[in-house]
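The values are calculated or read from the model by the stated rules, or taken from the named source; none is laboratory data. All figures in this text were calculated on a predicted structure; none of them were measured in a lab. As a convention, Cβ positions derive from the backbone with ideal geometry for all residues, glycine included, and neighbour counts pool all protein chains shown.
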């Protein structure tokens, strides 16, 4: 089988490529150039798209004896990921750019080009499993719960899953590093990337200010009283506690959190943690890893890449999904993805449009 391996320059994708070679496939490595002007080096675990990463991917491919190419997808990445990220924050929502990148770039643009070039499948270093039940390919959590990445893959459909390979599915991260060292791969001890790749310095607020500009606005409490000022509502996200710089202390002396964001009025509403309580979510734009769901069922819902999955009742009706949580949760923000599970099986994903708590609704 002809397999195209997406090689980021990290240890996971290098070992994934090595395992594909061991399995006897005709393997080609490809590194995705996602920035028009990538920085030369990355700092520790920040970013994953520097020239250093590209060189590390090429070095790993050379050691494995496989062809290697760099594909410039920077224009599409900007349109589908970066511009979407900015638009979501400008609208007062909190997006997940890694999930969007998987949906639009790694398992759409890359797979599309790979199939056109005659490749049968794409392999990545993601930690997730695929199993086959009859004619259906099912996406499941990885064996290593600490590294499970099924959440950011929850947007994949059947066509994409049929051509996706995850060679690290049943392996824990220490084993992957040990294997890389045994193979003599230079990246065996390279730190994992944890930050948004196009914000390598980790300063999301600064990045948003540079691209969206600054505009003075009010921070208000639940009564509407002004308790502080800000220079752009896009700098905040629901559930945020730090960096509020409030001028008026809370009467009860307790910390305050961001409860809501109004981009039109350029105001940020803050209040106590209990006001962040969420009991239900209204979600839009559902995608399904298998057949489209309708009606109601019991399952699990996860709203953060490394958050806990929460028991819930889920109801799908066309292009909308309603989630009723068994137990209240805190700090869930519009714009986040709600990924649905049945046990370790990924059912699909949808974008949170609004949340409801005890006696309140937040859009």
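Computed values, structure above
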item: Residue 307 vs. criteria modelled with pLDDT of 95 or more and either surrounded by 14 or more Cβ atoms within 10 Å (Cβ to Cβ) or assigned to a strand (DSSP E or B) (or both); result: no
item: Identity of the residue in region 285-303, part of a loop (DSSP other than H, G, I, E, B) and touching a helix residue (DSSP H, G or I) at 6+ places or on another chain (Cβ under 7 Å), that ends up surrounded by the most Cβ atoms within 10 Å (Cβ to Cβ); result: 289
item: Selection status of residue 351, at pLDDT 95 or above and either in a strand (DSSP E or B) or under 25 Å from residue 127 (Cα atoms) (or both); result: yes
item: Residues of region 237-261 satisfying the condition of being more than 23 Å from residue 352 (Cα to Cα) and not in a loop (DSSP other than H, G, I, E, B); result: 246
item: Tally, over region 106-124, of residues that are at pLDDT below 95, within 17 Å of the chain's Cα centre (by Cα) and closer than 18 Å to residue 57 by Cα; result: 1
item: Residue 162 being over 27 Å from residue 85 (Cβ atoms) and in contact with a strand residue (DSSP E or B) (Cβ under 7 Å, 6 or more places away or on another chain); result: yes
item: Filter result for the condition that a residue is in contact (Cβ under 8 Å) with a residue 60 or more places away in the chain and within 22 Å of residue 304 (Cα to Cα), over 208, 185, 212; result: 208
item: Conditions (1) buried (at least 18 other Cβ atoms within 10 Å of the Cβ); (2) free of Cβ contacts under 8 Å to residues at least 24 places away in the same chain; number of the one not met by residue 226; result: (1)
item: Boolean, residue 270 is within 22 Å of residue 233 (Cβ to Cβ) and either assigned by TED's automatic domain parsing to the domain that holds residue 139 or not in a loop (DSSP other than H, G, I, E, B) (or both); result: yes
item: Test: residue in region 317-326 that is surrounded by fewer than 17 Cβ atoms within 10 Å (Cβ to Cβ) and within 20 Å of the chain's Cα centre (by Cα); result: no
item: Answer residue from region 41-60, given it is over 25 Å from residue 79 (Cβ atoms) and touching a helix residue (DSSP H, G or I) at 6+ places or on another chain (Cβ under 7 Å) and is modelled with the lowest pLDDT among those; result: 41
item: Those residues of region 183-202 which are on the phi > 0 side of the Ramachandran plot and either at pLDDT 85 or above or over 21 Å from the mean Cα position of the chain (by Cα) (or both), in sequence order; result: 184
